[in-house]
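The values are calculated or read from the model by the stated rules, or taken from the named source; none is laboratory data. Please read all numbers here as calculations on a predicted model, not as lab measurements. Cβ placement follows ideal geometry from the backbone for every residue including glycine, while neighbour counts extend to all protein chains displayed.
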Amino acid sequence: MDSTRKEWLLNALIAGALFAVPLWAWLANEPFIITLATRIAILAIAAVGLNIALGLGGMVSFGHALYLGLGGYVAGIAAHHAFHGTEVLGLPGTNQMLPIWALAMVLSGLVAGVVGALSLRTSGIFFIMITLAFAQMGFFFALSWPAYGGEDGLPIFVRNQFPGLNTARPWDMFLLAYAVLMLCLLAFAGLRAARFGAALMAIRQNPDRAAALGISPFGIKLVGFVLSGMITGLAGAMMADLTRFVSPAMMAWTVSGELIVIIILGGVGRLFGPVAGAAILVGFEVFFGGLTEHWKLWLGLVLLGVVLFARGGLIGLLAGRVRHGG
Amino acid sequence: MADDILALHGLSRAFGALKATDDVSLTLRRGEIHALIGPNGAGKSTLMGLVSGKLAPDRGTVWLEGRDITRLSVAARARAGLGRSFQVSSLIPEYSALRNVMLALQGRAGHSYRFLRPVMRDQALISGARAILARVGLGPRASVEAAVLSHGERRLLEIAMALALSPKCFLLDEPMAGLGAEGTKQLVTFLHGLKQDAPILLIEHDMDAVFQLADRISVLVYGRIIATGSAAEIRANPQVRAVYLGTEDSL
């Protein structure tokens, strides 16, 4: 079986498992498991976003927690004003997820545009440091802004609403996260296969050659970075609703690191890499976290093993490397 | 002149005290191969950088079909009609030969901000790339990744990608580098036909190939052009013999 078919089979298996396990939990009345699967799905959405910048474009953003946090605060602030019946910047609050998601994506996209325009003039370690610096600015801003809880964070008393679903029920919330994840994966697969993806992946490998073919590396990378931030911002809004809480911790640099770890564990640039990676990370946290508080040490060893012996992550290990043939 | 496809006017570029390119003017006419030769360190690579847009000149201008392109970026110059090959093969290593050429066709069309239609279902792009690969003799190797092509095949793929740009002129930076006698012979024949597509500014170390191919030759020494003329004129030029031909390479 060739590696492309193997990867599709593996993807279908992962997608099936991520649906089947919470379905079983729903039937068996195990809401904790459902919420765990929902968390995996939302983390995977955030990592799908980062996978556009990091996996396709080779832009190692060490500041994607910024967009996660921005999305989270959009959801938190909208719900806060809706709950208290007050206005923000002349607008009423809302407890509807759809406008919250739209706003989270627009805001994340705008910020990613500014961050990208400034940081994409550099590369390598400088790019990593500038993206980190912007995320830290967001972190300290949220920390010192008392109107929305400052370092205590902002609770969402009633989970925001989605038409036709009762989002307070774990199973409904899972279905929503799963559907959005599948849409994001579809979008990722679509743009990767299209001319934009061909250009972005070429620029990662050889920017000088791309330029000599008439493809401006800066513009393509900037658009990729903005799309990347938008999807991670969407995940942030959903994550805040899942935990019904948003705090500066969502923008901490360790969160940016976790998103990178998810992609490396799953497979850099692979369609289902973020899903596999998020499942491994959350799985480790739950199972080894129950056994020992030093579970991160074991995660670190696994990460070391992946980097040394299985560069393609779980997907690469099981499905072989990518082929851009034809 | 109407027949000048590419024209350099008084190009200069210094790195500190070193004048790597010093008041260089030259033209590339329709249908010709204009070779640029010179000993190591003469400033050929700097001049190539100034023409392709990788480097900005301190003084002077670059014109393509009567349009001043001096301020354009590398990518904008490529879209304007400069098709270059690199001295060291510069390909997209994880892409197959076919996808490398498809990327060049995509670059020429200038449609890289398209997010929906898969490139591998774009028959115009695929058949166009296959035709170009067939023309350079890489047809049977279309699905092989660039990283595992042989050195000679990589050189041919470089040319195929320049060809896919349908450029107004070619800039070929040592296309024969590292090719064996047989490969060089084939490439000489191919380049001879290629100049009908568009004129070629050729930087080359292989003197036999240069004297076989070039309609005109310019000799670059310490950043300056000391002579321009036909192969016979260059061979006979005493200044050229003194500073260049008599020293390290012999005719």
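Evaluating B:Phe15 against the criteria (1) crowded, with 17+ Cβ neighbours inside 10 Å; (2) at pLDDT below 95 leaves one unmet condition, (1). Checked against the criterion of being modelled with pLDDT of 95 or more, closer than 30 Å to A:Thr35 by Cβ and exposed (fewer than 14 other Cβ atoms within 10 Å of the Cβ), the candidates A:Ala104, A:Ala179, A:Ala112 yield just one match: A:Ala179. Considering only residues that are within 14 Å of A:Gly266 (Cβ to Cβ) and within 14 Å of chain B (Cβ to nearest Cβ), which ones fall in the stretch A:295-326? Residues satisfying the conditions are A:Arg311, A:Gly312, A:Gly316, A:Val322.
Results for (1) within 17 Å of the chain's Cα centre (by Cα); (2) more than 30 Å from A:Arg195 (Cα to Cα), shown as yes or no for each residue.
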residue: B:Leu8; (1), (2): yes, yes
residue: B:Ser52; (1), (2): yes, no
residue: B:Ala78; (1), (2): yes, no
residue: B:Ser89; (1), (2): yes, no
residue: B:Leu105; (1), (2): no, no
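For every residue, the table says whether it meets (1) buried (at least 23 other Cβ atoms within 10 Å of the Cβ); (2) more than 17 Å from the chain's Cα centre (by Cα).
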position	(1), (2)
A:Ile231	yes, no
A:Phe245	no, yes
A:Ala252	no, no
A:Leu259	yes, no
A:Ile262	yes, no
A:Gly316	no, yes
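Of the residues making up the stretch B:49-108, those that are facing chain A (nearest Cβ under 9 Å) and in a strand (DSSP E or B) are B:Leu82, B:Gly83, B:Arg84, B:Ser85, B:Tyr95, B:Ser96. Within the stretch B:112-128, no residue that is within 8 Å of chain A (Cβ to nearest Cβ) and among the polar types (S, T, N, Q) sits with its Cβ atom under 9 Å from a residue that is in a strand (DSSP E or B) and surrounded by 14 or more Cβ atoms within 10 Å (Cβ to Cβ) at 6+ positions apart or across chains.
Among the numbered conditions (1) closer than 30 Å to B:Ile225 by Cα; (2) surrounded by fewer than 21 Cβ atoms within 10 Å (Cβ to Cβ); (3) touching a residue at least 12 places away in the same chain (Cβ under 8 Å), the only one that B:Val144 does not meet is (1). The criterion of at least 3 residues that are touching a Ser or Thr at 6+ places or on another chain (Cβ under 9 Å) is met by the following strands (runs of 3 or more DSSP E) wholly inside the stretch B:133-251: B:169-173, B:216-221, B:224-229. The listed residues are A:Gly124, A:Gly190, A:Gly197, A:Gly219, and the only one of them that is within 22 Å of the chain's Cα centre (by Cα), within 14 Å of chain B (Cβ to nearest Cβ) and either at positive phi or surrounded by fewer than 22 Cβ atoms within 10 Å (Cβ to Cβ) (or both) turns out to be A:Gly190. Screening B:Asp208 against (1) in contact with a helix residue (DSSP H, G or I) (Cβ under 6 Å, 6 or more places away or on another chain); (2) surrounded by fewer than 17 Cβ atoms within 10 Å (Cβ to Cβ); (3) within 28 Å of B:Gln239 (Cβ to Cβ) leaves a single unmet condition, (1). Could you go through the stretch A:212-229 and let me know if any residue there is without any contact (Cβ under 8 Å) to a residue 12 or more places away in the chain and of a type in the set (S, T, N, Q). Taking every residue of the stretch A:212-229 in turn, at least one turns out to be without any contact (Cβ under 8 Å) to a residue 12 or more places away in the chain and of a type in the set (S, T, N, Q). Scanning the stretch A:202-216 for residues that are surrounded by fewer than 24 Cβ atoms within 10 Å (Cβ to Cβ) and more than 7 Å from chain B (Cβ to nearest Cβ) returns A:Arg204, A:Pro207. The requirement of being buried (at least 21 other Cβ atoms within 10 Å of the Cβ) and more than 14 Å from chain B (Cβ to nearest Cβ) is satisfied by A:Phe272.
If only one of A:Leu185, A:Leu200, A:Leu175, A:Leu181 is assigned to a helix (DSSP H, G or I), farther than 16 Å from A:Ala46 by Cβ and in contact (Cβ under 8 Å) with a residue 40 or more places away in the chain, which one is it? Give the derivation first.
On the way: A:Leu185 fails: farther than 16 Å from A:Ala46 by Cβ; A:Leu175 fails: in contact (Cβ under 8 Å) with a residue 40 or more places away in the chain; A:Leu181 fails: farther than 16 Å from A:Ala46 by Cβ.
Sole residue among the options that is assigned to a helix (DSSP H, G or I), farther than 16 Å from A:Ala46 by Cβ and in contact (Cβ under 8 Å) with a residue 40 or more places away in the chain: A:Leu200.
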